[in-house]
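Q: Take this structure first; my questions come after.
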Amino acid sequence: MPELPEVETIRRSLEREVLNLQLRDLEVHEPRLLQNCTEKELKRALIGNKVGKLGRRAKFLIFDFGKHSIVFHLRMTGWFSLDRPQKPRLILKFDRKTLYFEDTRRFGTLHLTETKNLSELQPLAQLGIEPFHPSYTLKNFRASLQSPQEIKRSLLDQTKIAGLGNIYACEALFASKIHPERSASSLSAQEVKRLFTQIEKMLERAISEQGTTVDTYRSLDGVGNFQNFLAVYDRENQPCIHCKATIERLEQGGRSSYCCPKCQK
Ligand SMILES: [Zn+2]
């Protein structure tokens, strides 16, 4: 599933292509995509308007058409293309170019909202603090970890820290030398600070590499490169890059965690 760096990479590529373009028409080919509106309502709200801004909140992409905005979540397999894919789920026809949304597994979602009510929209309203946002301060970060829950699971909880998924949670914990099964509230002040800093560093680096390509992720510019820099994720039974101990895979809440038993305390 695309995480913050991948969605940010997609946002930037979309911004280059469709910012300030007027929407001429749209076609919905997958009714399941629309969460809170009909195709007719979507057309009435958007056609004739320009994309004034391309935003992102955690893993959500926001096309701001002025009075109204649409909010996408790509889930497992959603992606955008300027070339017609085999089965487009949504077609946005702009001046001069057409943008296609494709989604093999069809878990992707689209919400329509008045832009002034964006922050109260249900999937966005409950999101926690997120890296690169002014609300991401050490104080808020520390407060979001006041829980007996395992630290890895806290990092994946979008109501606490938004935008992280399995890959970057594993990598940030490794870079911070913290074992994923530690209880969040057991972290020392120094460990919290290290994790706080490593998360932004990790995400920044991943964005500069256009994200991590696993499964079907791609932006309009192609695939990412950060998979070549992963230290623990999906490296079970391979040697740790620091100490050569064998990387372990653990099950946590139905997800795989990867860690070095020696480096991560
Ligand atoms: Zn190690």
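The values are calculated or read from the model by the stated rules, or taken from the named source; none is laboratory data. What you see is a predicted model, and the numbers here were worked out from it, not measured in a lab. All Cβ positions, glycine included, derive from the backbone under ideal geometry; neighbour counts span all protein chains shown. Please note that ligands, DNA and RNA were not included when accessible areas were found on the heavy atoms of the full protein model with its side chains. Shrake-Rupley method; radii C 1.70, N 1.55, O 1.52, S 1.80 Å.
Q: Given a 1.4 angstrom probe, what's the average accessible area per residue across region 138-259, in square angstrom? Before the final figure, lay out the partial values.
A: Working: 5630 Å² over 122 residues.
Result: 46 Å² of accessible area for each residue.
Q: Something else now. Name the residue from L14, N166, H68 whose Cα lies farthest towards the positive end of the charge dipole of the chain, charges +1 on Cβ of Lys and Arg and -1 on Cβ of Asp and Glu.
A: So the residue we want is H68.
Q: Considering the chain as a Gaussian network with a 10 Å cut-off on Cα pairs, which listed residue, F174, F72, F132, attains the greatest mean-square fluctuation?
A: Result for the chain, Cα springs under 10 Å: F132 fluctuates most.
Q: Give the accessible area for R12 in Å² (nearest 10); use a 1.4 Å probe, count only protein heavy atoms, and leave out ligands, DNA and RNA.
A: 100
Q: A further question on this structure: Projecting each Cα onto the charge dipole of the chain (Lys/Arg +1, Asp/Glu -1 at the beta carbon, about the Cα centre), which of Y258, P131, T212 comes out farthest on the positive side?
A: It is P131, whose Cα lies furthest towards the positive end.
Q: Another question about this same structure. In nanometres, what is the gap between the two model label sites at H133 and K201, each 7 Å from Cα along Cα-to-Cβ?
A: 2.4
Q: Let me know the shape class of region 1-79, please: from the alpha-carbon gyration tensor, a ≥ b ≥ c as square roots of the eigenvalues, rounded when a/c is under 1.5, otherwise prolate if a/b is greater than b/c, or oblate.
A: oblate
Q: Of all accessible surface on region 143-265 at a 1.4 Å probe, what whole percent is carbon and sulfur? Could you put the intermediate results ahead of the total?
A: Details: 2590 of 5620 Å².
On region 143-265, the fraction of accessible area on carbon and sulfur atoms equals 46 percent.
Q: A further question on this structure: Around E209, what is the net charge, scoring Lys/Arg as +1 and Asp/Glu as -1 over all other residues with Cβ under 14 Å from its Cβ?
A: Working: positive: R12, K201, R205, R218; negative: E3, E6, E8, E171, E204, D221.
So the environment of E209 carries a net charge of -2.
Q: For a 21 Å ceiling on Cα separation, which of these pairs sit above it: K53/K93; K201/K244; K50/K93; K53/K139; K152/K177?
A: Values: K53/K93 17 Å; K201/K244 24 Å; K50/K93 11 Å; K53/K139 30 Å; K152/K177 13 Å.
Beyond 21 Å: K201/K244; K53/K139.
Q: Placing unit charges on C-beta atoms (Lys and Arg positive, Asp and Glu negative, everything else neutral), compute the dipole magnitude of region 138-259 about its Cα centre in debye, rounded to 20. Working shown, then result.
A: Working: 16 positive and 14 negative charges, 90 e Å.
Around 440 debye, computed over region 138-259.
Q: Would you tell me the accessible area of V7, worked out with a 1.4 angstrom probe on the heavy atoms of the protein chains, in Å² to the nearest 10?
A: The accessible area comes out at roughly 0 Å².
Q: In nm, give the distance between the simple-model label positions of S81 and N36, each being 7 Å from the Cα along the Cα-to-Cβ direction.
A: 3.0
Q: Where the only charges are on Cβ atoms (+1 Lys, Arg; -1 Asp, Glu), what is the dipole of the chain about its Cα centre, to the nearest 20 debye? Intermediate results must be reported in sequence, preceding the final value.
A: On the way: 42 positive and 32 negative charges, 59 e Å.
For the chain, the charge dipole is close to 280 debye.
Q: Per the Kirkwood definition applied to all pairs of different Cα atoms, how many angstroms is the hydrodynamic radius of region 138-259?
A: Numbers: mean 1/r = 0.0672 Å⁻¹.
Computed over region 138-259, the radius equals 14.9 Å.
Q: Starting from the Cα of K59, draw a straight line to each of the aspartates and glutamates and keep only those under 14 Å, dropping any in the same chain fewer than 8 residues away.
A: List returned: E3, E6, E8, E130, D157.
Q: Counting only DSSP beta bridges with both residues in the chain, tell me the antiparallel percent, nearest 5. Please list the in-between numbers first.
A: Values: 39 of 41 bridges.
Expressed as a percentage, antiparallel bridges in the chain total about 95.
Q: Of T77, T98, T38, which is the most mobile in a GNM of the chain whose springs link Cα atoms less than 10 angstrom apart?
A: Maximum fluctuation in the GNM of the chain, among the listed residues, is at T38.
Q: State in Å² the accessible area per residue of region 4-125; use a 1.4 Å probe, count heavy atoms of protein chains only, and round to the nearest integer.
A: 47
Q: While we're on this one: Dipole of region 8-118, Cα-centred, from +1 at each Lys and Arg C-beta and -1 at each Asp and Glu C-beta, to the nearest 20 debye?
A: Dipole of region 8-118, to the nearest 20 debye: 140 debye.
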